[in-house]
Amino acid sequence: MKKSRSIILMLILILSFSFSNEPLKVNANEGASKIVRVGYYENEVFEEGASEGAIKKGYAYEYYRKISEYTGWEYEYVYVDFVTAYQMLLEGKVDLVAGLAYTDERTDLMLYPDKPMGSEAYNIIKHESDNTISNDPSTLNNKTIGVLDSNILDSLVLYLDDNKVTANIVTYKDYDELFAAFDKGELDAVAGETDGTYSRNHADVLTSFDSLDYYLCVNKKRPDLLKELDEAQAQLYQEEPDYRSLLRNKYFAVSLSSKAFSQSERIWLRNNSSLRVGYLNNYLPYSNTSKNGEAEGIVVDIIPELLKNLGINNLEVSYTGFDNYDDMTAALSNDSIDVAFPVSGGLFYSEEDGLNLSNPVLSSITNLIYRNKYKSTSGSDFAVNQNNKMQYYYIKTYYPDSTISFYPSTEDCLKAVVDGSVKCTTLNGLRTNDMLKNRAYSKLSFRQLSYSDNRCFGVKIGNEGLLKLLNRSLSIVGQDYALNLAYQYSEKLYNYSTVDEIFDNLWVYAILITLIVFITLFFYLKDRRRSLLLIKEKENARKEIEEANNSKTLFLTKLSDDMRVTVQGIAANVERAYSHVSDENAVAFLDRVNKSCEHILWLINDIHDLSSVESGYYMSDDENIKFRQFISDLKNSSNENIKDIINSYNFKGNRILIVDKNIDTQKAIAALMKKVGFEIQLSIDGTEAVNKIIAAPSDYFDIILIDTQLPNVDGYEASRQIRSLSDSQKASVPIVAISGEVIKKINEVIL
């Protein structure tokens, strides 16, 4: 289906072309580019860069490039002088040459397009210091005049003949040679194109002797190029009717003719040594008075620039600010100032104010300021600054049916729109964006109006010389210069505060603050987690060290206890053996064993003392004295009062549970306690002791003597379990914790 449709469409196109009465046309710039040879010669301002590798510029060069946009031509530049370029065009060695005037004689030698590429005036130029030559043609008699060997020569000869002037004429091949001779003083005057010549401080333009259009001429043998050129020019002038004017202003603003003062300009400069400038306050970027009382804005930058471009450096410039537009124009009328800025209003209102407007310093759009939805401006109620007649003139000119309410300032006009007192107001386009940054105007919107508004210099009607000077220099400077200045001062229209920035970017700050809080919290929690882990690690390490120390202490204590009990048992048996042995040798052997036991006990005591210090169970001196006194009392007492002694020391009870891991110790303590009438129960560890208490009646045990160092469940844990029993009487039975040191002392008493 797709293939069938494509074939049918192609057949229809072929048939339509076949039966058409018109031939198929192809645009000149389609397909391969056409090489066109250009005779390119050096000419100040008009055509520069006539050498290999040089940068090309100028009126003619830019015109060549513009034409190529329509024709698609690709240029081959032939670098020669003007006379040679002209001759090569006649000989067919080049295809195009720019800047040739029209004459009837030349129509048989070259092809002229329908439209000229520009127009020029031929002027007589003299040395500024030469007072022997004036506007009177007769002063040229016997003078040497240089001229290009071109159509200008014919015009010069005709002018001299008409005025019956006899002068020495010298011809040159190009402008470089011509003006070099003039600059050296070899010529009294030059006849030439002042628009195509850079201004010279020592040159003075006298008078114009002819004016002709000039063309981009085509080789006689290339009518195809002429046809394409005519079509391109017609299309260019239709799409850009002001192109030649803009191009002229761009390049010829710096030419000699642009800076040659007229008679009225010379008179003004001769009669004035100062320039008094009046400006409007509170109207940045155009003009204002700063806090320190000095003028600021475009006005203070552009005046010196205008004078510099005219070569005027002997004028003293002063500035006076006015709060009201009418006061400023009145000062101009009564000669208090020479020029006012900015002014506008067009021909009618400027005449009403008694002033002439200069060429625009700057042309900008005007914005309509409104609240809520946009409505047609027809019949609207406008707020107008009563001190700025330019705003009033604009509204009355373009919206004559509207009503106007006056307010004391631009800011008041904007506030009136905000609170609904009026429907709208206007702002100059260069002021809108910066003024509406103010949060007080956040509810306002704007849109561009159809009509732009010029800002000009105002000069009193009749002051022709100053007006021409300003216009001459403005054509050189152009509006781009003032526009670039405007952006420097627009920022001062409103000081954008930190508060404004925060409110305008609240969501950004909210995200930023949230992010900061999140990051801070993240790092805080991370640091806290790291700190907790560090603390936990330290605690674990401490516990490990403590457990290691406890294990070591427990080991030493158990070891010393076990060794002591064993050695004490040996010593006790040795002591008993004395009564059964009568042999002296055997007694001697027993003495040696006894001394060895004492030495071993001494070592065991040192080990036990060390473990007691580390574990915190070491007796203080007071406790040690008290306990030794208790043991001494026991040792020196008779069996009848031992029980009473056990009771000054607070040991009470009839039934006693003795908990100790060593059988010999159990027997020793049990024997002592039984002597004084106590009933004894024995246990070898904490678990067995707790179980016996649970199994016995509530009032069975009166006191518990328990060793702190027990296997399996130690004395401390056994005590905690006893205190935790549900039977309150069992849980409250007195418990006496006995360390290895106490057991050692008891054994000493018994032995």
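The values are calculated or read from the model by the stated rules, or taken from the named source; none is laboratory data. This is a predicted model, so every value here is computed, not measured. All Cβ positions, even for glycine, are placed from backbone atoms using ideal geometry, and neighbour counts span all protein chains on display. Note: accessible area is taken over every heavy atom of the protein model, side chains too, but ligands, DNA and RNA are not part of it. Shrake-Rupley method; radii C 1.70, N 1.55, O 1.52, S 1.80 Å.
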*Meets criteria (loosely packed, with under 13 Cβ neighbours inside 10 Å and hydroxyl-bearing (S, T, Y)) for S273*: yes
*What number of residues in the stretch 289-330 are closer than 22 Å to S350 by Cα and within 31 Å of the chain's Cα centre (by Cα)?*
1
*On the given criteria, is E748 modelled with pLDDT under 80, among the charged types (D, E, K, R) and buried (at least 17 other Cβ atoms within 10 Å of the Cβ)?*
no
*Answer residue from the stretch 398-428, given it is under 42 Å from the mean Cα position of the chain (by Cα) and among the aliphatic types (A, V, I, L, M) and is most open to solvent (accessible area, probe 1.4 Å) among those*: V418
*Checklist (1) open to solvent by less than 60 Å² (accessible area, probe 1.4 Å); (2) closer than 22 Å to E411 by Cα applied to K437, failing item*: (1)
*asked:* Here is a list: T139, T166. Which entry is farther than 27 Å from F252 by Cα, among the polar types (S, T, N, Q) and surrounded by 13 or more Cβ atoms within 10 Å (Cβ to Cβ)?
replied: T139
*The listed residue being under 25 Å from S336 (Cβ atoms) and modelled with pLDDT of 95 or more, out of L466, L474*: L466
*What helices (runs of 4 or more DSSP H) completely inside the stretch 686-734 contain at least 3 residues that are open to solvent by less than 40 Å² (accessible area, probe 1.4 Å) and within 21 Å of N654 (Cα to Cα)?*
686-695
*How about the stretch 336-374: which of its residues are assigned to a loop (DSSP other than H, G, I, E, B), open to solvent by less than 10 Å² (accessible area, probe 1.4 Å) and within 26 Å of K423 (Cα to Cα)?*
S344
*For E76, state whether it is modelled with pLDDT of 95 or more and either open to solvent by 30 Å² or more (accessible area, probe 1.4 Å) or closer than 22 Å to A203 by Cβ (or both).*
yes
